[in-house]
Amino acid sequence: MLFRSTPVQAAGKGGSSRMAGFLSDADFELYRKLIYDESGITFSATNRSILESRLKERLREKKLDSLNQYYSLIVKDREELKTLLDSVTTNLTRFFRNQAHFDAIEKFVVPEIIKRRGASGDRKIRFWSAGCSTGEEPYTIAMLLKDILPVGWGFEVVASDISLKCLMVGKEGFYADGRIQGVPDSYLARFFDKKPGGFQIKDDIKKLVRFDYHNLKNDSGLRNLDVVFCRNVLIYFDEAAQKATVERFWDAMAPKSYLFIGHSESLFGMNTRFEFAKTDWATFYRKNV
């Protein structure tokens, strides 16, 4: 993206928006466009207050007086831009969120992959948890695969997010007592160590998940993936950004592979090459070529 060499002046006397005031229409458009261009996340009038709140937090943190000063900073400092993008993302997740998806993985997807490849084929199954937040989703995938794959089969899970703070939590693999709800007792015993105040993912599971920073506006560089999870992320994109993201998923996925999105999300009406698939356990999309 090409940035303006100087920030747009906000409406009003003095041409700046002070922290004590509201986010001006000019500032809102400026920052909304920047965030969209950099991440695909769309801010509308209904969630304008969220953007204003996050910007005020960043100004306080950086000890700046105006949004113009902060814009000048993020033009020059890519790390601060990443911090801003981190602050405006929503990171709601939990272990085994939407159990039906994991039932479909266990009872349909994995058996189909094993059957299709046969005894002499590639015996590694490749997953991508895109928008992994604090790691509960990719660790759920890893624990499930560790539990159900037959001897001789392996897997890898790539977990990515735009939030560096969330990635650090995922890499650490420690979850407070209240955050392990939904994990079966047998999994807690096998895959976690109890620690004061919470549970620590064991190293033999941690090493099976690779956390990496990734902005879904860009090509991940991943290829030949068997399953992509990108749940409750596309809802923050407009139609154009959704379609571009889905096309990049297509490029990253292997033939006869599977795409899982959130239960409130759909590719209906979007011109994509994915096929809709319905099973006894859950619905998802398939790259059927």
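Some points to look at:
- Considering only the chain, percent of DSSP beta bridges that pair antiparallel, nearest 5: 45
- Helix 78-88 and the longest principal axis of the C-alpha atoms of the chain enclose an angle of approximately 80°.
- Three principal axis extents describe the C-alpha atoms of the chain; from largest down they are 72, 50, 29 Å.
- Per residue accessible area of the chain, 1.4 Å probe, in Å²: 49
- Acute angle (nearest 10 degrees) that the helix 25-39 long axis makes with the longest principal axis of the chain, alpha-carbon atoms: 30
- The fraction of Cα-Cα pairs per 10 angstrom bin, counted from 0 for segment 56-179, comes to 11, 32, 24, 17, 10, 5, 0 percent, rounded to whole percents.
- Between the residues Phe229, Asn215, Ser186, the greatest Cα displacement towards the positive end of the dipole of segment 175-289, with unit charges on the Cβ of Lys, Arg, Asp and Glu, is found for Ser186.
- MRE, 222 nm, helices only [DSSP H, n ≥ 4, -39500 (n - 2.57), over the chain, to nearest 500]: -11500 deg cm²/dmol
- In segment 122-211, the DSSP beta bridges split such that about 40 percent are antiparallel, to the nearest 5.
- A protection proxy built from the mean count of other Cβ atoms within 10 Å ranks the segments 268-278, 158-168, 231-241, most packed first, as 158-168, 231-241, 268-278.
- By the equivalent-ellipsoid construction on the alpha carbon gyration tensor, segment 192-288 comes out with semi-axes of 28, 16, 15 Å, ordered largest to smallest.
- In order along segment 198-203, the Karplus-derived 3J(HN,Hα) couplings, from 6.51 cos²θ - 1.76 cosθ + 1.60 at θ = phi - 60°, round to x, 10, 10, 4, 5, 4 Hz, and Gly and Pro are given as x.
- Above-threshold pairs, the threshold being 29 Å between Cα atoms, out of Lys217/Lys287; Lys206/Lys278; Lys82/Lys256; Lys146/Lys171; Lys82/Lys243; Lys62/Lys217: Lys206/Lys278; Lys82/Lys256
The values are calculated or read from the model by the stated rules, or taken from the named source; none is laboratory data. None of the values given here were measured: they were computed from a predicted structure. Cβ atoms come from the backbone with ideal geometry, glycine included; neighbour counts cover every protein chain shown. Heads up: the accessible areas ignore ligands, DNA and RNA and are worked out on the full protein's heavy atoms, side chains in. Shrake-Rupley method; radii C 1.70, N 1.55, O 1.52, S 1.80 Å.
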